[in-house]
Amino acid sequence: MTGRRRPSSRPFRAAVAALCTAVGASLPSGCGAVLSNESDSDPITVMTWAPEGTKATNMPGMPAMAKAFARWVNDSGGIHGRKLEVITCNERNDAVQAAGCAQQAKEDKAVAVVGSYSQYGRSFISPLEVAGIPYIGGYGLTQEEFDSPYSYPVNGGQAALLVGNGRQLASRCERTALVRPDTIAGDELPQLLNTGLRAGNRADAHDVRAPEGAGDYSRQAATALEGVGADSSLGGADQGATLESSCVTAALGNRTGTFFDSFRRVQENHPKVRIASILGGVRQSLIDSTGGTSSPLEGTYATGWYPAGDDPRWNPMKNVINKYAFDDNRIDPDDPGTQTTWIGYTVLRSVLMSLHSDDISARTVRNALDNGHAVNTGGLTPTLRWGYDDTLHVPNYSRIVNADVTYQMVRDGRLVAVRKGFVNVSKILERYHPAD
């Protein structure tokens, strides 16, 4: 939908109504059918993209959640009576395909791209800007999502997670190693983690690069362990007590579970260290599949954007999933991709409902957001606004409006909060200097 108004059909409907009145009951079904069809409104089209079926990180729950949200909205009366139509695109973890998804959004006249995942910000942001399409509630992987005026992030992205993870670990870890993707997006992560560690007066992390689609990370696990002093030649497990203040944190997306599996095997010949990750790497489904209360992930620290999965503030989302996607096993309500999509579409619905039914377009959606339209997400985030005075002053991340994170850990087989409420890392983020 581009915002171009359809030619008015009121005169036509009036003429048909007059004809039906004149002929009385001779054409009841014909008159009814014409009036019903003519009263239908064009749907409001939006797009959600994410990688599916790849060897790296996959996020099928995001487009699936988008579809479920649309079914709920349409079952509840739509947007001013108009249908919300969600089209999806498989981004395939590929730069060319990411640009192709953005082009498809333009061709399908999407008023927004919502709740999507891609590490190729350079490929998709430019086509969206040319088409004038806003990007609402992206997962937050790339710098472009946080410096484009057409992007409206609902969280602090990887930047807030890594800074928050560094600050969380600084209270426990004298030495830290970071295992992260050997990609352009991954190259930003060490400095962000180090910013958080420095805020807690800790030394920079040992940087361990890892291939994104590997099936085994034994070499990277050994490198990380040795980087924090857990050398297998120094006495094995007898040194475990002296290394409780050493930590290994992983930020490998869906491959984090694969890394921890390799890490568990390698650590048998090394002193024990603490392990950590960011949400998305450690999730409840991974804990359940690796033993629940007996999972080797027990005690793992994690930093997230939102409340823990058992928080009652997620109940509205879970109710929608149960009713409109009950048998869709792609949707994990504890997954931050699913959660981000829910919040992104909450923003979209709020904005669309604030607009006039006949004046909904990519332009009017952007104008509403740029002029400070406020969105209440039910406590899952602070109130979200993207006006000029609402953004933070973070180098390379000027579009951040929400720098809250949560500190969690795996306890008794559940990912739970370790402190009440959010931790705002905006002041720490302001210390981030990419050139360091």
Inset, instruction - Only Lys, Arg, Asp and Glu count, each charged at its Cβ (+1, +1, -1, -1), so figure out the dipole size of the chain about its Cα centre, rounded to 20 debye. - result: 840
Legend entry - Heavy-atom accessible surface of the chain: percent carbon and sulfur, 1.4 Å: 47
Inset, instruction - Could you tell me the largest-minus-smallest coordinate of the C-alpha atoms of the chain on each of the three principal axes, in descending order and whole angstroms? - result: 99, 42, 40
Inset, instruction - Quick one: of K106/K427; K67/K106; K323/K427; K318/K427, which pairs are farther than 30 Å apart, Cα to Cα? - result: K106/K427; K323/K427; K318/K427
Legend entry - Note, ³J(HN,Hα) from phi for region 299-305, Karplus 6.51, -1.76, 1.60, rounded to Hz, x at Gly and Pro: x, 5, 8, 8, 10, x, 8
Legend entry - Estimated vicinal HN-Hα couplings, Hz - region 364-378 in sequence order (Karplus 6.51, -1.76, 1.60; Gly, Pro = x): 6, 5, 4, 4, 4, 5, 5, 8, x, 4, 9, 10, 8, 9, x
Legend entry - Sequence-distant residues sharing a close amide H with D182 (under 5 Å, placed H): A210, E212
Legend entry - the chain, accessible area per residue, ligands and nucleic acids excluded (1.4 Å, Å²): 42
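The values are calculated or read from the model by the stated rules, or taken from the named source; none is laboratory data. Because the structure is predicted, anything quoted here is derived from the model rather than measured. Every residue, glycine as well, gets a Cβ built from its backbone with ideal geometry; the counts of neighbours run over all protein chains shown. The area values use the complete protein model at the heavy-atom level, side chains included, leaving out ligands, DNA and RNA. Shrake-Rupley method; radii C 1.70, N 1.55, O 1.52, S 1.80 Å.
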